[in-house]
1. Can you pull out every residue in the range 53-66 that is open to solvent by 50 Å² or more (accessible area, probe 1.4 Å) and either out of contact with any helix residue (DSSP H, G or I) (no Cβ under 6 Å at 6 or more places or on another chain) or within 13 Å of residue 110 (Cβ to Cβ) (or both)?
2. Taking interchain pairs and intrachain pairs at least six residues apart, which have beta carbon atoms under 7 angstrom, with the first residue in the range 127-148 and closer than 19 Å to residue 182 by Cα and the second open to solvent by less than 60 Å² (accessible area, probe 1.4 Å) and of a type in the set (Val, Ile, Thr)?
3. Kindly indicate which of 189, 172 is without any contact (Cβ under 8 Å) to a residue 40 or more places away in the chain, of a type in the set (Phe, Trp, Tyr) and under 23 Å from residue 126 (Cβ atoms).
4. Determine, yes or no, whether residue 103 is surrounded by 23 or more Cβ atoms within 10 Å (Cβ to Cβ), in contact (Cβ under 8 Å) with a residue 12 or more places away in the chain, in a helix (DSSP H, G or I) and not hydroxyl-bearing (Ser, Thr, Tyr).
5. When the residues of the range 118-140 are narrowed to those that are modelled with pLDDT under 95 and more than 23 Å from residue 195 (Cα to Cα), which ends up nearest to the chain's Cα centre (by Cα)?
6. In the range 200-223, what residues are in a helix (DSSP H, G or I) and open to solvent by less than 70 Å² (accessible area, probe 1.4 Å)?
7. Looking at (1) touching a helix residue (DSSP H, G or I) at 6+ places or on another chain (Cβ under 7 Å); (2) open to solvent by less than 70 Å² (accessible area, probe 1.4 Å), which is the only condition residue 139 fails?
8. Check residue 7 against each of (1) open to solvent by 60 Å² or more (accessible area, probe 1.4 Å); (2) β-branched (Val, Ile, Thr); (3) modelled with pLDDT of 90 or more and name the one condition it does not meet.
Amino acid sequence: MRFRTPINHYLQASLVLTLATCLLLLCWPRLRASFGYLPVDTSIAKHWSGEVIPDPQLRALIARAGESLRRHEHYRYYDGLGTLHYLRGLDSALPAAERRAALAASATATREVVALAPMKPLAWLRLAAAESASGEHGEETAAAFKMSAWTGRVEPTMMLLRLELGFAHRRWLDAEGLRLLQDQTILSWNLQRMALINRFRSGAIDYSQVAALLARSHPDILIEMDEALDPPVL
């Protein structure tokens, strides 16, 4: 029987310690980035549950997300950064120039998200909304609308904003884009009928465009819409 000497034990222990130290050094930037990003994750989750994030906190969270990105480039940090900038862009209390800059920053960060993780329907929708707000990117907005619909066809929380953007940019949609817009309209009618009717009545979605889109392919659904909108939307 062979016995290990104390020297062999020492060498093995040293090797294990060295490997563990190397792994820790390699992982440390990612760990710091992830740990520093935790307040961003928490605050965005609270936003989705209905809590308003005040602007000073938004700016602090934007700085945190940027610091995490400097330590480790990851689509999740870009996604948070894009969301935070977008929320600032929606804040009517901010000067118009500051809101435009925030929306442009949101679009820039969100392009990184979809480049690194293209199967993200909410990111595509945010990109479409940010591009639309600038009023200068009709084709880009239409393309982002298509990708949002294609990557997340049945996403009830996204459908109505998606339709608003799709109909507002209908002239930039190709045949595939129009087919997706038609599909999203029918899905929304089946899943969120009252909310869609309210969009028609408020003018957020142009009902005349909806009627033109469905007249030939789905006259039965158009009849249902007309009946639901009696008196008609002018």
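1. 54, 56, 57, 59, 60, 63
2. Close Cβ pairs satisfying both conditions: 128/141.
3. Step by step, each of 189, 172 is checked, and only 172 is without any contact (Cβ under 8 Å) to a residue 40 or more places away in the chain, of a type in the set (Phe, Trp, Tyr) and under 23 Å from residue 126 (Cβ atoms).
4. No.
5. Filtering the range 118-140 for residues that are modelled with pLDDT under 95 and more than 23 Å from residue 195 (Cα to Cα), the one nearest to the chain's Cα centre (by Cα) comes out as 131.
6. Within the range 200-223, 200, 207, 209, 210, 211, 212, 213, 214, 219, 221, 222 qualify.
7. (2) is the only condition that residue 139 fails.
8. The single condition residue 7 does not satisfy is (3).
The values are calculated or read from the model by the stated rules, or taken from the named source; none is laboratory data. Fair warning: this is a prediction, and the values are worked out from it, not measured in the lab. Neighbour counts are summed over all protein chains in view; Cβ atoms, including those assigned to glycine, are modelled from backbone coordinates with ideal geometry. All accessible areas refer to the heavy atoms of the entire protein, side chains included, with ligands and DNA or RNA removed. Shrake-Rupley method; radii C 1.70, N 1.55, O 1.52, S 1.80 Å.
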